[in-house]
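Structure first, then comments.
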Amino acid sequence: MDFRRLDRMLRQSSVNPDANSTASLNLTDLSPNILEAFIPGYSLISRFILQIFGFDIGIVVTTGLLCFAVISGGKYFWNTIYKSLNDVWMSHVTIDGKDDLFRHVLAWVSEHRMTKESRRLIAVSQNTSPQEDEAAEEYISEDGLFHFGKWAAKKPPRYEPAVGTHWFWHNRNLFIFQRIQKETRNTPYQNIEEHRLTIKCIGRSTNPLKDWIEHVKIWAVEKQTTLTTIKRPTAKDQRRPPGHWSVVTQRPSRPLETVVLDPEQKARLVADVNEYLHPASPKWYATRGIPYRRGYLFHGPPGTGKSSLSFALAGLFGLDIHVVSLNESGLSAITESELMLLFNNLPRRCIVLLEDIDTAGLSRDHLSDQRRNEKPSDPARQGISLSGLLNAIDGVASHEGRVLVMTTNHPEELDNALIRPGRVDMQIKFTLATRHQAHEIFTRIDEAKVANEEPDRSLEEKGGHDAGAADGNLSNGHVTPPTTPKVPSVFEYLTTEPEPPLSKEELEDLANEFADRVPEETFSPAELQSFLIIRKKRPRQALQEVDQWREDFIRVRNEGSKVLEAQ
Ligand SMILES: Nc1ncnc2c1ncn2[C@@H]1O[C@H](COP(=O)(O)OP(=O)(O)OP(=O)(O)O)[C@@H](O)[C@H]1O
């Protein structure tokens, strides 16, 4: 900007006011001088346009500049007023992106009018599963194939408010909602944006904000009573600062009755956890100087329900579950200092599931190596020492109020220090499937729904279903093998009709028969479940095939192979 020229021009106008008397009235006369100061070469351009087109652009440019000045001035005044309003007449609350509340608030605003009115949105793919969607049936072809891709493509995303300022009404209060980008971090794998929320309301009282947050929390809990939130340590490349938990998934809570265990053992465990979580318990522990912690050891062979019971407990008591696997190596291995921080960052009440505590340098190495017939343990894998784990469990960093569940397949290899009372208050032994478990698993897996009335025999009489398998030929408690084995095509497998529903008595008979044919404590519940899942619509057929499966399984196992020819 040429200030000297502007100064000269203004001085001229003050020395000879007559010369500009008309200029003060006529903007177009004055403007070339002023505009020349703002836009060098303006008079030349305007003269050129005037000569060529006969049009004076002065009025247009001047009007434009005036508008600009008015808008800038208005903005300045609005910002000043808003700032003083903000400082003096507004209350606000900030929610960090790492807090659980951040998730809940975003979910709440996504479901309310705000995201229907706002023009700046972030689309987030929804993580729902087909079983929660009745329309999913439409994507099953005539062949019985469910095309997940087509179903997922039709699922609308969830819309969240984008970075910036939005507003909404709640209980007749106006709230200003700001999503603010904290920072962007570049890792070798991705750029991570970290956000926070600031919610403001008019007035000097924070009560409307507190009431609204309370409302959101209750809303989130009600919405999630059927879901269990599973968290794991934040992936290594995203850990900054380390020791944070990330939600990996939310899955429907597992009903406790679906975990088949000795009923007395299960009842004892539930009563113990309930007593521990009782609101009066923290005071009881505090007045006796006992640290408010409770630890459980679930031990037994793989696939016997240790993790399942932990998830079912989380669902039963409405707690989030924080899972750490000590068996991980390489990039995802947890270090001792990280474990301490993870324990430090636990919420007030939760379940911590420490999986495979016999691994990762905690076992008495020589003993475990001999048992497993392996070379001495690789020191690189041993991220956490016994003392490191003990420090995390009951050191200063350990959080009071958590339920700690440790699982192992090799309890005999654990150091006594780790399982002494105070660290492990109750041990639950999981065994390979007992007769009772085989019976229960059969009963629960059966999807050919139990009929309230007698099963529809007419179908069987008509031979409407797969002959041989569905003929309910269990009348004398024995199953006749199918007479003509046939090789079904792929689509025949898909479209196989479910067997006719079983009566309660029939199901009971089949379950007993199944339990009789499965030797006690030979197969894990996971193995029985895997056999039955394939035949979930055909329980009678399952019974016909169980002998063959059992023999194959035992033979393959004795041969030391892990591959079954047929399932
Ligand atoms: N006692 C049981 N009752 C019902 N289902 C079971 C039981 N045990 C295992 N299952 C089924 O087997 C599968 C594996 O179970 P789970 O992961 O709980 O076993 P685990 O003992 O934790 O195994 P690992 O020691 O390998 O971690 C699950 O799908 C679960 O439903």
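Each reported figure results from applying straightforward, stated rules to the coordinates on display, with no laboratory input. Keep in mind that what you see is a predicted model, and the values were worked out from it rather than measured. All Cβ positions, glycine included, derive from the backbone under ideal geometry; neighbour counts span all protein chains shown.
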For 196, 538, 47, what's the fewest-to-most ordering of other Cβ within 10 Å of each Cβ? 47, 196, 538
Distance check, please: which entries in 75/98; 155/306; 150/217; 155/231; 231/537 exceed 29 angstrom between their Cα atoms? 75/98; 155/306; 150/217; 231/537
Sequence of 406, 426, 340 once ranked by neighbouring C-beta atoms within 10 Å, starting from the fewest: 426, 340, 406
For the pair residue 287 and residue 348, the simple spin-label estimate (label points 7 Å beyond Cα toward Cβ) gives in nm 2.1 nm
Gyration tensor (alpha-carbon) shape descriptor, the stretch 233-336, a/c threshold 1.5: oblate
Estimate the FRET efficiency between residue 82 and residue 274 by the formula 1/(1 + (r/R0)^6), using the beta-carbon distance for r and 45 Å for R0, to the nearest 0.05. 0.30
Cut-off is 10 Å between beta-carbons; in what order do 213, 357, 384 appear when sorted fewest neighbours first? 213, 384, 357
